[in-house]
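Accompanying notes for the structure given below.
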4 protein chains.
Amino acid sequence: MFLMVSGLKKMAKFEGHVLPGTFVLIYGFCLTVKHVLQHLWRTHQPKGQQNMPPFFKRTDYAEGGFLIIAAFVGITVEWFVVDGPHVYFYRNGSWVNLQHSTMYLFFGISGIAMVASTRCKLVPTGVDRLALSLALFVEGFLFYYHVHNRPLLDAHIHKLVLVPVFGGSASTMLEVFIRDNIILELLRACLFILQGSWFYQIGFVLYPLRGPAWDSNDGNVMFITVCFCWHLAVALLLVACTYIVVWSTVRRFSGRQLDTEIGMRNTSSKTSSQKALLEESDEE
Amino acid sequence: MFLMVSGLKKMAKFEGHVLPGTFVLIYGFCLTVKHVLQHLWRTHQPKGQQNMPPFFKRTDYAEGGFLIIAAFVGITVEWFVVDGPHVYFYRNGSWVNLQHSTMYLFFGISGIAMVASTRCKLVPTGVDRLALSLALFVEGFLFYYHVHNRPLLDAHIHKLVLVPVFGGSASTMLEVFIRDNIILELLRACLFILQGSWFYQIGFVLYPLRGPAWDSNDGNVMFITVCFCWHLAVALLLVACTYIVVWSTVRRFSGRQLDTEIGMRNTSSKTSSQKALLEESDEE
Amino acid sequence: MFLMVSGLKKMAKFEGHVLPGTFVLIYGFCLTVKHVLQHLWRTHQPKGQQNMPPFFKRTDYAEGGFLIIAAFVGITVEWFVVDGPHVYFYRNGSWVNLQHSTMYLFFGISGIAMVASTRCKLVPTGVDRLALSLALFVEGFLFYYHVHNRPLLDAHIHKLVLVPVFGGSASTMLEVFIRDNIILELLRACLFILQGSWFYQIGFVLYPLRGPAWDSNDGNVMFITVCFCWHLAVALLLVACTYIVVWSTVRRFSGRQLDTEIGMRNTSSKTSSQKALLEESDEE
Amino acid sequence: MFLMVSGLKKMAKFEGHVLPGTFVLIYGFCLTVKHVLQHLWRTHQPKGQQNMPPFFKRTDYAEGGFLIIAAFVGITVEWFVVDGPHVYFYRNGSWVNLQHSTMYLFFGISGIAMVASTRCKLVPTGVDRLALSLALFVEGFLFYYHVHNRPLLDAHIHKLVLVPVFGGSASTMLEVFIRDNIILELLRACLFILQGSWFYQIGFVLYPLRGPAWDSNDGNVMFITVCFCWHLAVALLLVACTYIVVWSTVRRFSGRQLDTEIGMRNTSSKTSSQKALLEESDEE
């Protein structure tokens, strides 16, 4: 009986890292696709025509909505199912849950800012990025004070997550001032993917479903550090592959679906963008 | 008798955090209103007409004057009423008072810089922001060395105030180079509000008027960290609400009072700005 | 006899802080005057005429020459008079002198870069600022490792000098990208003045000519921190006063000496700049 | 026999620092030459003609290829010759090799990014710099966790290498936004040279071929710090000399070889650039 409860607790902790990791991973991946599409659209557009087509407005709403719903689900699960068997997060003194809820709250706020700045022209440009940057800062800030009094490996593996979190916060803050820079946008997406995949790694290392957790010797700590770099390399690879796939898909369908999907482009610009795409493919 | 003196001391310490907190809170709130008004004015102005109306000059004078008076009051209270029963600030070795006075001094200097740069065109643009940034830096610098040899919770709660202080210093320094950016201006206002409300929190946690001060266990430290994030969320909410209220008030009165108040706008621009406001309200 | 030698050593250490302090102080003051003159010249110049007059080229040569000569004197004194009675700098293990010489060397390099970039158009713009920034970085870097194994007050007072040194390095690095910004130029001058006056403070606190050195209690440490802020306030005041004095002097002599001194301005621009200055003085 | 094995191990460790040092040194030197050539070309070009000549495309391919080959060689040597007698790198727990391989991997990725962004116009501008910045960040990140549990001098000398590594990472990140700035490009080259020469220094201090390794007293630590500054001075000198030599070589051959080498310049621009070069040489 005790073993079963202990197993459930372990599974809950494992899921407590894997579930948010999945959300963050999906978010990062969607961000990549969205920003690559926006970049291709910006690149192939004639100079005069600067209005975003309604398709991108819809993706912004979707992004904001995703953040709001994810935050709502997160807070609900934490607060109302907290005494059920499946979602224990540490519970020393009952404050821990509030930490996670607070993180979710700020991502919810950034979702609201996203929707508001897409909906209403009076909201100053860049508020969405500022809110996202603050959300990441708050996440890093709470993680930083989260890791006191833990074993070495546990503290180290949690501290490494601060790199994508604070790095993402800084790069998103830069986006307030440097808008529509594809490098910054993909860097942000890449850091979200890294963060998500690292949550998986934390789950597998600290609360493995089979076998004991890793112990805190120096070799393990060093290997985890190296492992973190490999996650970064894989995240970069994933973003690069997505870029190539999206770009070739757009090129293939550019004559048929893309324009009707994105809408609002007139015939002349369509032809010129097609020509540009064809010229590029010739050039390669 | 001893209890009464001790009670008075405690009240003095409580007031010593609440009074500056109130000042900072009011300052942050006024900054929000001022910068939202300026932003609305900038947005609805035709491109050609760039002179600030005299109304904004007067708000700049008021802001500078407020800083100078607040600094003067602060220094006076610290230096001349210091042996009275009501305003003890720690007094270990008699230097502590000089710390607070030094902080006030730099805010006074930034008030003078504000007035001077509004009054005289020869003062280089941005001096007011540089002086404010330095004032915040000095405040953070002194706070940083203020918290040695204190109990854990006391040190932690004082260290958290460094986040809005140094954050505000950095964002104000950025404003030296990026002028008239509403995001940076509202971020600064928001960080002032956070700083003010956090002084209240310090007063209520460390020198509560009723009941004992909180003890330094890990749960309390963690809860205070979470609490800090809620203060940030409330500050963001307050700035957002102020933005909406100011904007809707301006829209309602834009046909009648605003132009006569702000002055100097000619009829054509008045009509165009009214039209723009009406179009926006239609669009929503 | 022993007392006399000890007294000489103490005097040498006192001078070892006061002499560089004097150099840095003078340099900071000259920078202020030079950059205020440049700023006034830039402000009152018509848009079309952008060539710097030869007077400013000469001040750049003078600045570079000052740095080279100061570095040469510093290194000579350190290396060749090091066994004489008057210039002991700490001498634990004989490496200390090399630290100071290395600092001087980099200021010499920045002097050479200054002269080269004024002399020859092929040297890329901004090399002088980069070299100065590196010189300040190296100074701070060596100071940082200089303060190990010292008593608390000694370490603290030496650590505080890192604020103007690294602050100056950062602001000078910014000047590589943001040229001709009066705020950054005066900030740099102000930080040099602060650094110089702080060397005086170190001399008076650690190696006072009369009475014992201060001891390392908490009150003293805190007071030194506050004292540092006052030095900053005085440095700001000095820069502001210099600005006002230089500006009013220029205004008084602008009809007579300035133009002949600065040279190369034609009659029309002279009259327009005079008019501008007169209009400003009327406006006040 | 034991002595011989120990001697071989020491030599392996010495080579393990000198070989990468040589690679980095050569890379830094080639970067200097390449960026000086690019800068001279940009400076002497008429405004209208902005296409890079094919010569520079070829140097970009060469740079990317060099990085890919160096990374490939490094990883191969580490992984496949690791049990041979000549290339021991520390081997505590067998993870260490993975650290070095991971560093090489990221430089390989940055080489691929370099080639891709030169080859294909669809790769966003600045990706090559971002990848190089990440490679340097990963190198610094792994070095930072590399130095735990070592003797003082060993840890200190390894920590100093973080200055050029993180400095280079930051300056390369800046280049993503500020393209074609010769100061940043030469700073990057200079930091690579510093890093390379410092690897030599580490080899000579910790694993000297003759005599014992240095011990960890304070004098040695301080001297190493000073020594680091001299390496920086020498790196600056080397970059400056290269600049002068390249510039004078280009000036001498500008009438004959350069244009045919770089290609694609028409006669008029050739004459104007020659004239500009001659005028400069007269001016000096």
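How many percent of all Cα-Cα pairs in the range B:145-252 sit more than 25 Å apart?
33
Apply 1/(1 + (r/R0)^6) to the Cβ-Cβ distance of D:Val73 and C:Leu237, taking R0 = 56 Å, and write down the FRET efficiency to the nearest 0.05.
Efficiency for this residue pair is about 0.40.
Give the average, rounded to an integer, of partner chain Cβ atoms located within 10 angstrom of each Cβ in C:225-238.
Neighbouring Cβ atoms belonging to other protein chains average 5 per residue here.
Alpha carbon centre of the range C:122-188 versus the range B:125-183: separation in Å?
Value for the Cα centre distance between the two parts: 20 Å.
Just to verify a number: FRET efficiency for A:Ile178 and D:Phe55, C-beta to C-beta distance, R0 = 45 Å, to 0.05?
The pair A:Ile178/D:Phe55 has a calculated efficiency of 0.90.
Quick note: the coordinates plus some simple rules give every number you see, no bench work behind them. Predicted model, so just to flag it, every value in this text is computed and none were measured. We place every Cβ from the backbone using ideal geometry, glycine too, and count neighbours over all the protein chains shown.
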